[in-house]
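This report refers to the structure that appears directly beneath it.
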Amino acid sequence: MKWKTLSSEYLVNAPWAVLRRDQCQMPNGHIVPEYYVLEYPNWVNIVALTRDNEVILVKQYRHGAGKEFLEIPGGVIDEGEDALTAAKREMLEETGYTFDSLEKLVDLYPNPATSTNITTTFLAKGGVKVKEQDLDDQEEIDVLLVSIDEVKQLLKENKIGQALHAAALFYGLAEIQTPF
């Protein structure tokens, strides 16, 4: 079923947005003259529990949607960095927390039809705040501590609108074996 790429042309090549146009041939011989692909770096997301068994959520504005979202912490895996290192770094930068343990939960593809990246989700346990946030210039993040039951209610009420983060929370809740 794999398509053959006949040609590629980069239309946008910026730090946070790389767009290419491919011409492809399907196995049945059909030519797809213009197929657009977004090349993004890989990301990490973290379902994080404090030592008091509270879930760490973040609230921030997302310009693409034009509104604030409740999310889990996470971000871009920097070049040369592995996913676990990125998860630890993002948690410390965004929340000021470190953890007793981080374990990989799942790899998810944000949009495999048009995007190249993978999001690796971790479950972090035993979180303790050790410092203040160290945010990038374009970040304004509020940190919230909520109970597991509150997270379940937020999911039931569709108040976690970022799809990858909602999916990650379902994986995390399944792993910590709390009935939904």
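The values are calculated or read from the model by the stated rules, or taken from the named source; none is laboratory data. Treat the numbers as computed from the prediction; the structure is a model and nothing was measured. Note: ideal-geometry Cβ built from the backbone for every residue, glycine included; neighbour counts use all protein chains shown. Just so you know, the surface numbers come from the protein's heavy atoms only, side chains and all, with ligands and any DNA or RNA stripped out. Shrake-Rupley method; radii C 1.70, N 1.55, O 1.52, S 1.80 Å.
Quick look at the numbers
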item	result
Selected residue (criterion: surrounded by the most Cβ atoms within 10 Å (Cβ to Cβ)) from residues of the stretch 150-163 that are in a helix (DSSP H, G or I) and out of contact with any Phe, Trp or Tyr (no Cβ under 8 Å at 6 or more places or on another chain)	151
Residue within the stretch 49-58 that is of a type outside the set (Lys, Arg) and either modelled with pLDDT under 95 or surrounded by fewer than 16 Cβ atoms within 10 Å (Cβ to Cβ) (or both) present	yes
Residue in the stretch 76-98 that is in contact with a Phe, Trp or Tyr (Cβ under 9 Å, 6 or more places away or on another chain), in contact (Cβ under 8 Å) with a residue 12 or more places away in the chain, open to solvent by less than 50 Å² (accessible area, probe 1.4 Å) and among the aromatic types (Phe, Trp, Tyr) present	no
Whichever residue in the stretch 62-95 is within 15 Å of the chain's Cα centre (by Cα) and part of a strand (DSSP E or B) and, among such residues, is nearest to residue 174 (Cα to Cα)	71
Residues (surrounded by 12 or more Cβ atoms within 10 Å (Cβ to Cβ) and of a type outside the set (D, E, K, R)) located in the stretch 134-149	135, 141, 143, 144, 145, 146, 147, 148
Matching entry among 98, 114 (being more than 11 Å from the chain's Cα centre (by Cα), under 17 Å from residue 134 (Cβ atoms) and at pLDDT 95 or above)	98
When residues of the stretch 4-39 are limited to those that are under 22 Å from residue 78 (Cα atoms) and hydrophobic (A, V, I, L, M, F, W, C), the one farthest from the chain's Cα centre (by Cα)	12
The stretch 1-48, residues that are open to solvent by 40 Å² or more (accessible area, probe 1.4 Å), in a strand (DSSP E or B) and in contact (Cβ under 8 Å) with a residue 40 or more places away in the chain	36, 38, 39, 43
